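This report refers to the structure that appears directly beneath it.
The values are calculated or read from the model by the stated rules, or taken from the named source; none is laboratory data. Keep in mind it's a predicted model, so treat the numbers as computed, not measured. Counting neighbours? That spans all protein chains shown, and the Cβs are built from the backbone with ideal geometry, glycine included.
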Amino acid sequence: MSESGSNEAYGLLAQFDTPAAVMVAAAKIREAGFRKWDVYTPFPVHGMDQAMGLKNSKVGWFCFFGGLLGYTTGMCMIYYMNGWDYRIEIGGKPLFSPFYAFPVSYELTILFGAFGSLIGMFSLNRLPRLHHPLLKNETFKQVTHDKFCIVIETSDPKYSENETRKLLKGSGSKHIELVEE
Amino acid sequence: MAESSGLDTALKVPQTPRELEREPLVSNGRSLAWISDKVSEIVEGKTPIWWWIATGISGSVASLTFFMLTYLVSTGVGVWGLNNPVAWGWAIVNFVFWIGIGHAGTLISAILFLLKQRWRTSINRAAEAMTIFAVICAGIFPAFHVGRIWFAWWLAPLPNANSIWPQFKSPLLWDVFAVSTYFTVSLLFWYTGLIPDLATLRDRATSKMRKFWYGLFSLGWTGSNRHWSNYEKAYLLLAGLSTPLVLSVHSIVSFDFAVSQVPGWHTTIFPPYFVAGAVFSGFGMVLTLLVPLRTVCKLEDIITKRHIELMCKVILGMGSIVGYAYGMEVFIAWYGGNPYERFAFINRASGPYWWAYWIMISCNVICPHLFWFRSIRRNMIAVFIISIFVNIGMWFERFVIVVISLHRDFLPSSWDYYSPTYVDILTFVGTFGLFLFLFLLFMRFLPMVAISEVKGVTPQADPHHPLGGAKKGGHH
Amino acid sequence: MNSDKSKKSPGKAVKELFALPELGSKFLIIGGGILLLIGTVTGVENREQLAFSWLLSYMFFLSICMGSLFLIIITHLFDAAWAVPFRRINESIISLFPIMGLLFIPIALLALFFDTPHFYEWMQMGDSPDPALHAKQGWLNKPFFILRACVYFAVWSWLGLGFRKWSIRQDKDGSPECTHKMRKLAYAGIYIFAFTLTAAVIDWVKALEHSWYSTMYGVVYFAGSVWVTLAATYLIALFLDRSGPLKPVMGNRQYHGIAILMLAFTVFYAYVHFSQYFLIWNANIPEETFWYVKREIGSWWDIGILIVFGHFFFPFLMLLRIDIKLALPIMVPLCAWNMLMHYIDLTFNIMPVLHDSGYVLHWLDIASFAVIGGILAYYFMKRFSEAAPFPIKDPRLGEAVAETLHEREHQAQTAAAATDGGAE
């Protein structure tokens, strides 16, 4: 996985006890100019995106285009089936009208929009993945419980074991360890 | 400008008096670790005896549906007592009933999420599960009601040998799309919410089996904030999509009735009235399930009395909207001056099915008003009993709508009294078994409370709160 | 901490602030009043137009009053802290119900005593053989019509003045008893609100065409009313925030909250109105369809399309994005647009009865709007400046402004840090 030469180490993990502590630390890491690093929390921490300097998520676009596709599909399908290929007159209504086609197109908008959002979320997150170096680490397992972690990857150009360790220690972490690849 | 106007810009914020202080969402100041331990315990601990008994009973009851449906398929749909002008029978009553139950789940997970009602986190997982199981129960009825179930695929827009297409002017087809979309999106939403919690279970797992299955289904979730950022956005969008979805589903169910010209069915308030009724009945079912479960699973600190009270208030509100709709229906039936419409309503209240109408009124309009009293909202036994009444009342509402309008149709020569057969009754009873059976499986194998979301609403999760590590007064 | 600077009472400061708008409202009243007088004396045709114009503007402003009443009621029912800072605005609006009662008198007089054949046609029909009217004569008869109007204004005034009274009383000592009183009013109020609003809109708008009926009608008017009220509240709160009185308490949380509700009601209105149209379209029963058929003639068709796009799609798409809800260059015109759309929507409901061939903008429409709007604005400013501009001792105020104060503290800190850094 690791393209850089740092042998068999995935990154440096620093553990924190509270969301406030990890947020302050995250702001410091960002200011230090790291790129390949991340904060790991048991729940989304309010304000962390800002502290990390993340941009607004792009999932919305997936949802929008999914929904658009759904609505178009619905209208076209109904026009083709009832207004074109199999014309059947019912209750004196027009062969095709956007009114009666609306409920189904609406449902398809939502269906495709929902799939769009999820596909967007998974592809932006590069999930699902069955293996991750962090998931083998015992300390890291507490992230889904009640601890907060920052991991700086060895592949980050600014990474150097001693300096980074110092930085993490200075940002208030009491437990720092190297995670194996 | 502000200075010159002489107004005090330094605001003195009044102290909240004790009696108006808000109750915390998690009682007794439980820690983050306590929350995951407590919820995971239900899944990880030894299977309790009561679970085996309950699952055994509900499984056997569920088999009733299976046997009755086998009998129906092998004999004909007539075994459901449908040889009568009330051809919609119990099947459609039950269908609308079950679909309605599901709506509370989506309301809690989606609408309350959009409204930033943080109390939803303790109950949303169970309520969403309930939605999915209720929709499964609901789907059985119209599918078999079509008569020849093996042709049910004709409902789908698939090319077939007759080279004909489904007829999209029919509200029944809208239903097919609405219900299947509802089921799919609810499932996606539920699963999306489950991912971080499955990761919690994965990281706690001790056995190989658990490690494998929870690992597989948690999709490699790490809790990365870059992931959370996209995750939260997707969750918000799913909530944003589920909200119009849940409104549309019961609206479309109401279209089944309201686009017709049948007196008692065709009235413009039907869509919002059905939605309110659905939420009303759904919250009834949520309470029926959670009031005993919070005691049995010792979740009183997570599903607190405040949660129960809030749900009671939702029931009160929805019951009032339903009451308003009943009132409007009756008033406009009179005001509209259509004699058939007027007859339909007189017949509801004083015809052969007067008892059904008055059961509906007492359970749906009168009974929820007991929730005006705080002592009743906080009395778990009373809440449980009223929630059952709400369920009964809402079943009767659908009965009133379907049966009373149809048994006196436009052709007096075909007027008849409709009664269900034993097959009708046992099929319906069986679906309750199925519903409970699925729910019991869920609570044993999956986290019944959204662990990560509950953690997120505790004061320890707030980086600006002293319990979240914020330094008092100062910054940095 | 509080340096004793100018010790002017807040009421006085607000009064100074209102000096110019007050002059404007007086100008509107006088200008519009003169036009109205001309309209009244110049013949029968104008008199009927006057009746409709007055009713249209009246229903528009009634929407804002009823919407305000609803916002106050749900604020108490949901114990919604975030809405406390701007509550006084709506409290001042709902104290105008007695004036609304007086403004109703021209409608009653024109309907009952003047020759206005299209204005509540049922009143002119006497013992007609029209079965649709005959069936509902128990409801649609003159004495009951007047009696009902009196009841509406009585209960609305009772609620409106009651909420205001307890809220102002709380300014003295912040006693929780006042909160409980207001909650009790809200418990009763929500039912009274629902039934009186429905009945009033049936009486005053739907009964213009007495043979038409729809169970959804009250809900449609309700949805539009709350929607337009949110737009109005956003604008008024913004003005009072920018000019001072609400500055200490208004923050992003409040504007965002109003805008979210606006989005919700954009959708809700579309939902209920679409449902009404859709069910009538599908069932295709002549007793119902004639109402919409009439509104597809001539330029009414275009007005209908304008409502579909301007009342729903445009505001919906605008409000969908999170950041837009705080972007004032978009929100301010949007709120104004929403108010226009609600006016158009009411026009679509009321005016085709008089102008069946298409939309006509009459100068009496403008005159009525100016007079009613002017009078209400004048009294609103008067009421608003009588008390503190926000509930200063409300027990939920602290919770409401916590986020705003935190933000401001943060901004002050970063600003201070920036200047420090610059100095070094």
Query - Only one of B:Ile99, B:Ile49, B:Ile53, B:Ile42 that is under 29 Å from A:Thr144 (Cβ atoms) and either crowded, with 16+ Cβ neighbours inside 10 Å or without any contact (Cβ under 8 Å) to a residue 24 or more places away in the chain (or both) - result: B:Ile42
Report task. Can you tell me which residue within the stretch B:261-281, out of those that are assigned to a loop (DSSP other than H, G, I, E, B) and at the interface with another protein chain (Cβ under 7 Å from one of its Cβ atoms), is surrounded by the fewest Cβ atoms within 10 Å (Cβ to Cβ)? Result -> B:Gln261
Report task. Would you check which residues across the stretch C:196-226 are small (Gly, Ala, Ser) and more than 15 Å from C:Ile107 (Cβ to Cβ) and list them? Result -> C:Ala199, C:Ser211, C:Ser214, C:Gly218, C:Ala223, C:Gly224, C:Ser225
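A quick yes/no check of all residues on (1) surrounded by 22 or more Cβ atoms within 10 Å (Cβ to Cβ); (2) away from every other protein chain (no Cβ under 14 Å):
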position: B:Ala143; (1), (2): no, yes
position: B:Ile164; (1), (2): no, no
position: B:Ala178; (1), (2): yes, no
position: B:Thr184; (1), (2): no, no
Query raised in the report: Going by the structure shown, is C:Met250 touching a Pro at 6+ places or on another chain (Cβ under 7 Å) and within 12 Å of another protein chain (Cβ to nearest Cβ)?
Result: yes
Requested in this report: Could you pull out the residue among B:Gly284, B:Gly215, B:Gly240 that is part of a helix (DSSP H, G or I), over 26 Å from C:Asn284 (Cα atoms) and more than 9 Å from every other protein chain (Cβ to nearest Cβ)?
Outcome: B:Gly284
Report task. Go through the residues of the stretch A:29-39 one by one and say whether even a single one is small (Gly, Ala, Ser), within 12 Å of chain B (Cβ to nearest Cβ) and either more than 22 Å from the chain's Cα centre (by Cα) or closer than 25 Å to B:Ile451 by Cα (or both). Result -> no
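Every residue, every condition in (1) farther than 25 Å from B:Thr184 by Cα; (2) facing chain B (nearest Cβ under 7 Å); (3) in contact (Cβ under 8 Å) with a residue 24 or more places away in the chain, yes or no:
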residue	(1), (2), (3)
A:Ile90	yes, yes, no
A:Gly116	no, no, yes
A:Ile119	no, no, yes
A:Arg129	no, yes, no
A:Thr139	yes, no, yes
Query raised in the report: Is the stretch C:277-285 home to any residue that is surrounded by fewer than 19 Cβ atoms within 10 Å (Cβ to Cβ) and outside any helix (DSSP H, G or I)?
Result: yes
Query raised in the report: Going by the structure shown, is C:Leu364 within 14 Å of another protein chain (Cβ to nearest Cβ), assigned to a helix (DSSP H, G or I) and either modelled with pLDDT under 90 or more than 18 Å from the chain's Cα centre (by Cα) (or both)?
Result: no
Query raised in the report: If B:Ser419 passes every condition in (1) closer than 22 Å to B:Ser320 by Cα; (2) in contact (Cβ under 8 Å) with a residue 24 or more places away in the chain but one, which one does it miss?
Result: (1)
Report task. Of all residues in the stretch C:158-205, count the ones that are free of Cβ contacts under 8 Å to residues at least 60 places away in the same chain, over 20 Å from C:Val226 (Cβ atoms) and hydrophobic (A, V, I, L, M, F, W, C). Result -> 3
Query raised in the report: Is there a residue in the stretch A:64-85 that is buried (at least 16 other Cβ atoms within 10 Å of the Cβ), within 15 Å of the chain's Cα centre (by Cα) and either among the aliphatic types (A, V, I, L, M) or within 11 Å of chain B (Cβ to nearest Cβ) (or both)?
Result: no
Query - The lone exception for B:Ile195 - which of (1) at the interface with another protein chain (Cβ under 10 Å from one of its Cβ atoms); (2) touching a helix residue (DSSP H, G or I) at 6+ places or on another chain (Cβ under 7 Å); (3) more than 20 Å from B:Phe257 (Cβ to Cβ) it fails - result: (2)
Report summary line: Considering residues that are assigned to a helix (DSSP H, G or I) and surrounded by 17 or more Cβ atoms within 10 Å (Cβ to Cβ), the number found within the stretch B:343-368 is 14
Report task. Out of C:Phe380, C:Phe390, report the one residue that is buried (at least 19 other Cβ atoms within 10 Å of the Cβ) and not in a helix (DSSP H, G or I). Result -> C:Phe390
Report summary line: Only one of C:Gly189, C:Gly162, C:Gly138 is farther than 28 Å from C:Tyr379 by Cα and either of a type outside the set (Asp, Glu) or more than 14 Å from every other protein chain (Cβ to nearest Cβ) (or both), namely C:Gly138
Query raised in the report: Could we say that C:Ser57 is at pLDDT 90 or above, crowded, with 20+ Cβ neighbours inside 10 Å and more than 30 Å from B:Lys116 (Cβ to Cβ) here?
Result: yes
Report summary line: When every residue in the stretch B:243-259 that is without any contact (Cβ under 8 Å) to a residue 24 or more places away in the chain and more than 10 Å from chain A (Cβ to nearest Cβ) is compared, the one nearest to B:Tyr340 (Cα to Cα) is B:Ala258
Report summary line: Being over 21 Å from the mean Cα position of the chain (by Cα), over 21 Å from B:Pro272 (Cα atoms), more than 14 Å from every other protein chain (Cβ to nearest Cβ) and assigned to a helix (DSSP H, G or I) narrows B:Ile376, B:Ile308, B:Ile386 down to just B:Ile376
Query - So B:Leu426, is it under 30 Å from B:Val77 (Cα atoms), surrounded by fewer than 21 Cβ atoms within 10 Å (Cβ to Cβ) and away from every other protein chain (no Cβ under 14 Å) - result: yes
Query - Residue within the stretch C:291-300 that is modelled with pLDDT of 90 or more, surrounded by 17 or more Cβ atoms within 10 Å (Cβ to Cβ) and not in a helix (DSSP H, G or I) present - result: yes
